[in-house]
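To keep things clear, I will list the structure first and then write my remarks on it.
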Amino acid sequence: MDIQTEQQPFSQRPIILLAFPINRTLCFALSFLLLSVSALFIFNSSAAPFNHQYYDLLRLHQFLLQIFPGNGPSLSSTTTSLLPRACDYSNGKWVWDESYPFHSYTENCPFVDPGFRCTQNGRKDEGYRKWRWQPDGCDIPRFNASELLERTRNGRIVFVGDSIGRNQWESLLCMLTPAVSNLSTIYEENGKPINKHKGFLKMRFQEYNLTVEYYRVPFLVIIGRPPPNSSSEVNAAIRVDEMHWFSQKWVGADILIFNDGHWWNEFKTVKMGYYFQEGGKLNISMDVMEAFRRSLQTWKRWVEENLDLNRTHVFFRSYSPVHYRGGTWSEGGHCDTDKEPERDYTKLQDEPENNIFISDVIKQMNYVTHKVQFLNITYLTEFRNDGHPSKNRENGTSDEAPQDCSHWCLPGIPDTWNELFYANLLSKGFRK
């Protein structure tokens with residue numbers, strides 16, 4: 001978002017004296033000439049990313065209108081139809097495509113969690129892999145693993161969040177592997193096994209001197225012991241004004257992809273005895289969504305104070321919908337009967353409140369830079385009630401265990417999230 005300034009009425013603005021008389025006709029001719037020449041320059045320039053050319057042209061047009069109010073040229077319908085438009089990848093529809101996915105990895109990718117290997121865990125249908133997201137009015141650039149690896153050479157891609165973020169992290173690892181000649185050159189830097197555990201994992205792509213990292217931080221902020229003399233009902237304190245101590249490890253990353261919000265509900269906070277702390281004081285009455293909003297302000301301050309946004313590109317991925325039918329996860333909810341994307345729009349959920357808070361905080365930041373982006377995957381993911389592991393749980397899971405209608409099969413829906421991440425990265429001219 002550009003900086004908004006209050007403009008004076010034209011009659012109160014300083015008068016620019018010209019050295020020669022100029023009438024309205026000449027004003028119009030000069031402004032039209034400037035607009036035409038500038039448009040040709042913009043369309044033929046390769047210095048700026050494609051999506052920015054349209055906005056450069058519009059800024060020029062607005063500038064000319066300020067100089068020649070009432071007489072400046074308007075953009076004709078013919079001209080505007082030829083202008084490129086910024087693509088909103090978040091709106092569109094799912095289409096059946098036998099050739100999809102274009103990238104090649106299977107459940108045998110060594111970085112896929114056993115719980116996400118749905119076919120190996122008993123799922124019979126594989127049609128859920130053949131649906132491709134088609135944005136309205138534009139196409140998603142085809143994911144190019146070799147190009148992304150080259151652009152991130154000697155760099156760091158860091159995922160921060162909960163297990164849904166891990167879902168996306170594993171997807172990206174597998175999408176990148178076909179471009180690597182020797183899989184043994186991809187390894188966990190600290191020798192940790194790739195399994196579910198607390199902490200972090202750093203996968204090194206040795207050929208490119210690149211690490212793709214995952215940090216398990218479901219709240220982004222610190223969860224710690226409650227203050228002394230707290231009530232016995234308080235098991236832990238979520239410090240909404242203190243970023244998690246892992247945050248020092250994220251500084252210097254080239255790309256940061258955050259996700260948050262899935263744990264910000266009563267079931268995973270106050271009903272577990274996790275209450276909110278701010279300024280060293282526990283606030284038993286603080287609402288969960290208010291605590292979430294305050295934690296995002298803490299995240300915002302951390303980004304602004306610790307990251308060089310001329311170097312680091314920051315994404316905040318939106319809420320990933322769950323699809324329990326006939327009850328909650330603990331009350332027999334299921335999603336195993338769905339075999340294709342939802343077609344009934346009336347069954348789609350409203351925009352989650354989490355997304356509104358995330359989007360708002362990013363808008364507050366973008367008056368300085370456009371390198372903090374809201375990666376909105378909620379709407380397209382809401383359709384995909386067919387993409388969850390559901391009852392196809394990994395070996396050793398109890399028959400009494402609830403279905404998994406929150407995580408995603410791999411290959412699957414998170415691949416599309418990474419395609420959108422890649423498209424947005426290209427639109428920003430990352431290491432062009």
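With both residues required to sit in the stretch 159-268, DSSP beta bridges show an antiparallel share near 70%. Here TRP245 and GLU400 are evaluated by their C-beta separation; at R0 = 56 Å the FRET efficiency comes out at 0.95. Which of the three applies to the stretch 330-427, rounded, prolate or oblate, going by the alpha-carbon gyration tensor with a ≥ b ≥ c and a/c under 1.5 meaning rounded? Because a/c hits 1.5 or more and a/b exceeds b/c, the stretch 330-427 counts as prolate.
The amide H of PHE315, built 1.01 Å from its N in the peptide plane, has LEU256, ILE257, PHE258, GLN373 as neighbours under 5 Å, considering only residues 5 or more places off or on other chains. Here the accessible area is traced with a 1.4 Å probe on the protein chains. For the stretch 304-432, carbon and sulfur cover 45 percent of it. When +1 charges are put on Lys and Arg Cβ atoms and -1 charges on Asp and Glu Cβ atoms, the dipole computed for the stretch 236-366 relative to its Cα centre reaches about 280 debye. Based on protein heavy atoms only, the stretch 280-353 ends up with 56 Å² per residue of surface accessible to a 1.4 Å probe. Close amide-amide hydrogen proximity is noted between GLY92 and ASP136, each under 5 Å apart and 5 or more residues distant or on a separate chain (H modeled in the peptide plane; Pro and chain starts excluded). For GluC sites (Glu not before Pro), the sites in the stretch 124-156 that DSSP calls loop and that have at most 13 other Cβ atoms within 10 Å are GLU126. Rolling a 1.4 Å probe over the protein heavy atoms gives the stretch 193-258 an accessible area of 44 Å² per residue. Annotation for the stretch 162-226: GluC sites (Glu not before Pro) lying in DSSP loop with at most 10 further Cβ atoms inside 10 Å of their Cβ do not exist. Using C-alpha pairs under 8 Å with a sequence gap of at least 6, the mean separation divided by the residue count of the stretch 254-380 gives a relative contact order of 33 percent. With the cut-off at 1.5 for a/c, could you classify the stretch 249-375 from its C-alpha gyration tensor as rounded, prolate or oblate? It comes out oblate by the Cα gyration axes. What you get for the stretch 131-283, charging only the Cβ of Lys and Arg (+1) and of Asp and Glu (-1), is a dipole of about 420 debye around the Cα centre.
For the stretch 283-317, the set of trypsin sites (Lys or Arg not before Pro) satisfying both a DSSP loop assignment and a count of at most 14 other C-beta atoms within 10 Å is given as ARG311.
Close amide H partners of ILE222, meaning residues 5 or more places away or on another chain with modelled amide H under 5 Å apart, are ARG239, GLU242, HIS244. Between the residues PRO321, LEU348, GLY332, the greatest Cα displacement towards the positive end of the dipole of the stretch 309-350, with unit charges on the Cβ of Lys, Arg, Asp and Glu, is found for PRO321.
Note on ASN144 and ASN190: their simple-model spin labels are 3.5 nm apart, each label 7 Å out from Cα toward Cβ.
The values are calculated or read from the model by the stated rules, or taken from the named source; none is laboratory data. Here the structure is a predicted model, which is why all the values come from computation and not from measurement. As a convention, Cβ positions derive from the backbone with ideal geometry for all residues, glycine included, and neighbour counts pool all protein chains shown. Areas reflect the complete protein model, heavy atoms only, side chains present, ligands, DNA and RNA absent. Shrake-Rupley method; radii C 1.70, N 1.55, O 1.52, S 1.80 Å.
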